[in-house]
Amino acid sequence: MKRYHTERIKNMNKGIFKKFYIFVILVLILYMPLKAEAAVDKQELQIGQVLKVNEKLYSSNKAYYMMLQTDGNLGVFRTQDNVPIYAVFSASMAQADDYYAKLQADGNFAIYDGNHKLIWYTNHNGVGITNQNGINNVVRVLNDGSFAVISQNKCLWESQADAGGRLNIGDTLCINHKMYSSNRAYYMMLQTDGNLGVFRTQDNVAVYAALSVSMAQADDYYAKLQTDGNFAIYDGNHKLIWYTNYNGVGITNQNGINNIVLVSDDGKLKVMSDKECLWSSDVKLPPNLLRTNIVDFAKQYVGYPYVYGGNSLTQGVDCSGFVKCVYEHFGYHLSRTSASQYNDGIHIAREQLNLGDLVFYASGQNISHVAIYIGNGQIIHAANEEYGIIITSITWPGTPYGYCKIVD
């Protein structure tokens, strides 16, 4: 009887051990895929960290991911359909499973083969500015489908951005990073003068600017969609420069948990929430403020050169080119010649002249010159090759032929 009980206890122990062993195996089987998936579900690489073949680095909105493939190519893919939207190489390398990408101590993001031979890095062929001590650098996939090397909100290097970009709450737009409309006809970019602009892709002409007067040149400005729903611009000291409810123009001063920022297909910068537009760059400023902004903007270019037929405020313009460029900055698309511009606005009398109105001059009956009225009997205009863009008396070019207003 005693022996029987001993054998029974042994068998019971074996059964318990067997069940426990099976349980451990099942747990390991279930746990390992979760662990593997967690390893590839990253949103940021820091200095020294490695991205291995088939690991994924996701954007914060999970719409895009970056992956190093077995052919050595580093690509960005759309999550919903795994369609590639960017690749580092135009031609793939030999198939292998030991390629790896690493954020190096010098701040560069690099790809190596299994023999630790450098294949590509973010300053490749001199394209990029990350060859520095990159102790604070991180690599992220941005919410518009590009990936970037970022250091303390400063974008040091970026790949080509995808169309249809957007910013979610807490997202940051770095200097010179482009965020495109879904039709790729327009893009938004924060410039080194602190101004946030929307530009036409085909000719890079600005169709909107957040600031009428630019700030000092710097490379540490950044724009951010805040938790209150406002889109804001900050300088390198985190000082607020502008936001979407600036001067009371806008309605985004609220809990903006669902808000996004995007560039619409008609070139408007918008803050949206569940398909409702809370703020748009085509919100009109009060006329007096708009007129003041136009004059202040034009004055920035005093001293720049006159170039007949030119269309650049900094490289050179003629009289009508100057007027066209200034007004285009504020979303008004005028004709290219002074004679045509005379018919772009509403004709007014001399006594009705206001800031920003246009003043025309003629040779005989043919309009030959145009200027912008800036108040106190003065105009600003691209005079000629000798003087460039200057401020003068309204009668300096001669007796005005006529006047018109563009701003209602």
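Each value in this text was obtained by applying a stated rule to the coordinates, not by laboratory testing. Since the structure is predicted, the reported quantities are computational estimates derived from the model, not experimental observations. All Cβ positions, even for glycine, are placed from backbone atoms using ideal geometry, and neighbour counts span all protein chains on display.
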Checklist entry - Using the Cα gyration tensor of the range 287-405, with a ≥ b ≥ c the square roots of its eigenvalues, what is the shape: rounded (a/c below 1.5), prolate (a/b larger than b/c) or oblate (neither)? => result rounded
Item to check | Between the range 341-404 and the range 273-316, the Cα center-to-center distance that results, in Å | outcome: 18
Next on the checklist: Rounded to the nearest 20 debye, what is the charge dipole size of the range 287-405 about its Cα centre when +1 sits on each Lys and Arg Cβ and -1 on each Asp and Glu Cβ?
Outcome noted: 180
Next on the checklist: Strictly over 24 Å apart at the Cα level, which of 102/224; 178/224; 52/224; 62/154 would you flag in this model?
Outcome noted: 102/224; 52/224
Next on the checklist: With a cap of 16 neighbouring Cβ atoms within 10 Å, and only residues DSSP puts in a loop, list the trypsin sites (Lys or Arg not before Pro) found in the range 296-353.
Outcome noted: 336
Checklist outcome for this item: Long-range alpha-carbon pairs in the range 142-210, meaning those over 14 Å apart, account in percent for 57
